[in-house]
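Have a look at the structure below before the remarks.
Values in this text are rule-based calculations from the coordinates and carry no lab data. Computed from a predicted model, the values in this text were never measured in an experiment. So basically every Cβ, Gly included, is an ideal-geometry build from the backbone, and we count neighbours across all protein chains shown.
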Amino acid sequence: MLAYALDDLLISFVFVAALWEELGKMGSPEAVAAMLNAVWLYMVMVKIAYHTLFVWQYGASLGKIAMGMRVARASDNGAVGFGSAFNRAIFRVISEMVMYLGFVIAFFDPKRQTLHDKTSSTVVINA
């Protein structure tokens, strides 16, 4: 969970930094909410790109690297290809949108696989 929090904080900081001036001009919480709704799709695309590229290239996101974990193929603990990393990133976002149910699955799975791990045939292991 800490790796997840680190990744989300990193992405959030990037967006806050990019939108800092605009946020300062907002006069009400409703205006801030409207602006965040306007950039929501960009945030989703950045999350998908971030998780896809890091898992594909490094085997882990920055949060997982900091926590000493990596993502591997479930079949042989090998490196994850681009297609699997992309699939995993998309289903990770979908799991977030559906009240994190895709993450809850891990608590009841013997391999501790989340929905996005199952759909991409991956598993998170100690590095």
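Side notes on the structure shown:
- FRET efficiency, 1/(1 + (r/R0)^6) with R0 25 Å, evaluated for ILE94 and TYR58 via beta carbons: 0.65
- Dipole orientation for the stretch 2-126: of the candidates PHE54, SER12, TRP40, PHE54 has the Cα lying most toward the positive pole (charges on Cβ; Lys, Arg +1; Asp, Glu -1).
- Of the chymotrypsin sites (Phe, Trp or Tyr not before Pro) found in the stretch 30-101, the ones in coil according to DSSP and having at most 16 other Cβ atoms within 10 Å of their Cβ are TYR100.
- In terms of other Cβ atoms within 10 Å, ARG70, ARG92, ARG112 run from fewest to most in the order ARG112, ARG70, ARG92.
- Here the simple spin-label model places points 7 Å from the Cα toward Cβ, and for ALA18 and MET1 these points are separated by 2.9 nm.
- Listed by chain and number, the lysines whose alpha-carbon sits under 22 Å from that of LYS64, ignoring those within fewer than 8 places in the same chain, are LYS47, LYS111, LYS118.
- On the principal axes of its alpha carbon atoms, the stretch 2-126 extends 53, 27, 24 Å, with the longest extent given first.
- Choice from VAL55, VAL16, VAL46 showing the highest fluctuation, given a GNM over the chain with Cα pairs closer than 10 Å: VAL16
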